[in-house]
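What follows is one structure encoded as structure tokens, with my remarks underneath.
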Amino acid sequence: MRSSIYLSYAAFVLVGIGAAVGGVLLPAQIDDYGVDKALIGLGFFTNSAGFLLAGLTNGALIERLGLRLALVAGSGVFVLAAVVTAARPSFWVLIAAQGFCGYGVGVLESVLNVHLAALPDAATLLNRLHAFFGVGALAGPAVAALTLGYAPWTAVWWGLAVATALLGVAFYLTFPKRAVQEKEEEKERGLLPTALRNKYVLLASVFLTVYLGVEIGVGNWAYSYLREVNLETHLIAGYAVSGYWAGLTAGRFVISPVASRLGLTPARATLWCCVGVAASTVLIWLGVVPVAGFVLLGFFLGPLFPTTMAILPELLPARLVPTAIGVLNGGSVIGGSLLPWTAGALGQGVGMQALMPFALTLALVQLAVWYYLSAPSLAPRTK
């Protein structure tokens, strides 16, 4: 299993690069196609729709194809969409291709989460997995900017297509056919409706929706907040945002193994992380070293998404876990789009000083939902 774990980490680095290069490429695409920001932004909606669809079909895909072929299929869909994008198609084909990109990435993310969630010490493995996404996201803009210095924007997509194709081959040669947790048992129909009716899946979905609202909302609007409310310089505000994302990546590498050594279960460690998120938000709101507050906020936010995936096997029947993880992974995109938009609307209507009260409200909702979600895992073990 060790080789499949390392390959999962490499895949998430590539996914992180793919997610981060888009912002750097947008100006070149706008100039190339002669469109405005609103039109080019339609690609975000089609990408999100594809990602959501991948989450909803993840369980059925693994059920029919198995773990290995599901990964190969996800890689193939992304490669096809990347090649179409790299070929510089018509504008509306470009927008449609982003839907297939979102689907391919959504399948890869969901299936890899399922694989690692079934292994021993899943919380640590999943935190590392998502930390490597952060590594890729930090490297992606630099890779794209360097490429644009000597090649057109399509070259970045050719590179992503080749790298993902090689990844698909590696998946086929490395991964087991079936997920570790799958057992021979009577086939159960209607996994998706069953998952959508399960209270733990619903609570986890709400939790991750709110989590993505905090993560992406603060990440997108922190710079504006520091410039308009705390009156920080351009340079310091930029460093604070970089520190926020670096803190999020570091939290995924550090918190889970440290908590394990201290004897804290993943559920209890995450409860304390939720407290840390709320406290960091208050620290920023009060203006007490706001730059350090953003780093701490990212640090405590880091483990929340992967640890939610990690505790699902403790709360659900084994055969429901792949479908549930897909639902959570796909559905989280709703919070990642709607709540940051709400934060921006508040900033426009009330002023950017509304960002931290809004973030604190979400943090407290997040804390309450996690407490109810993880109650079985927080309860003392009895014989």
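The values are calculated or read from the model by the stated rules, or taken from the named source; none is laboratory data. The structure displayed is predicted, hence computed values, not measured ones. All Cβ positions, even for glycine, are placed from backbone atoms using ideal geometry, and neighbour counts span all protein chains on display. Only protein heavy atoms, including side chains, enter the accessible area calculation; ligands, DNA and RNA are left aside. Shrake-Rupley method; radii C 1.70, N 1.55, O 1.52, S 1.80 Å.
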On alpha-carbon atoms, Rg over Rh for the stretch 217-292 using Kirkwood Rh?
1.05
Taking amide hydrogens as modeled 1.01 Å from N in the peptide plane, which residues meet the under 5 Å criterion relative to Asn230, leaving out close sequence neighbours?
none
Candidate residues Trp272, Trp245: accessible-area rank, largest first, probe 1.4 Å
Trp272, Trp245
What accessible area, in Å² to the nearest ten, does a 1.4 Å probe give for Lys177?
140 Å²
Using only the alpha-carbon atoms, what does the stretch 147-287 span along each of its principal axes? Please give whole angstrom values in decreasing order.
62, 48, 35
Between Val169 and Arg268, what length comes free when the chain is fully extended (0.36 nm per residue of separation minus the Cα-Cα distance, one decimal in nm)?
31.8 nm
I'd like the projected area of the stretch 237-359, averaged over all directions, using the convex hull of its alpha carbons. Report it in nm² with one decimal.
8.6 nm²
Distance in nm between Ala292 and Asp31 label points, each 7 Å along Cα→Cβ, equals 4.3 nm
Given the -39500 (n - 2.57) contribution per DSSP H run of 4+ residues, what per-residue ellipticity at 222 nm results for the chain, rounded to the nearest 500 deg cm²/dmol?
-28500 deg cm²/dmol
For all pairs of alpha-carbon atoms in the stretch 105-183, what percent lies in each bin of width 5 Å, listed from the first bin to the last filled one?
3, 12, 16, 22, 18, 12, 8, 5, 2, 1, 0
Kindly provide log₁₀ I(q)/I(0) values, in the same order as q = 0.11, 0.16, 0.19 Å⁻¹, from the Debye equation applied to equal alpha-carbon scatterers of the stretch 1-79.
-0.42, -0.79, -0.98
Using a Förster distance of 30 angstrom, determine the FRET efficiency expected from the C-beta separation of Arg64 and Tyr372, and round it to 0.05.
0.35
Taking 0.36 nm per intervening residue step and subtracting the Cα-Cα distance, what contour gain separates Leu42 from Leu338 on full extension?
105.1 nm
Pick out, from Leu196, Val229, Ile17, the residue whose Cα sits farthest towards the positive end of the charge dipole of the chain, with +1 on the Cβ of Lys and Arg and -1 on the Cβ of Asp and Glu.
Leu196
Distance in nm between Arg2 and Ala246 label points, each 7 Å along Cα→Cβ, equals 3.2 nm
Could you pull the accessible area for Leu286 with a 1.4 Å probe, rounded to 10 Å²?
130 Å²
Could you size up the charge dipole of the chain around its Cα centre, putting +1 on the beta carbon of Lys and Arg and -1 on that of Asp and Glu, and report it in debye to the nearest 20?
880 debye
For the chain, what are the per-bin percents of Cα-Cα distances with bins 10 Å wide, up to the bin holding the maximum?
5, 24, 33, 26, 11, 1, 0
Taking 0.36 nm per residue of separation and subtracting the Cα-Cα distance, what length does fully extending Arg261 through Asn220 add?
11.4 nm
Please report, ordered by residue number, every helix of the chain (full DSSP H runs) that is 15 Å or longer along its axis going by C-alpha atoms and whose mean Kyte-Doolittle hydropathy reaches 1.0.
2-33, 42-86, 91-117, 122-148, 154-174, 266-285, 290-301, 304-315, 355-373
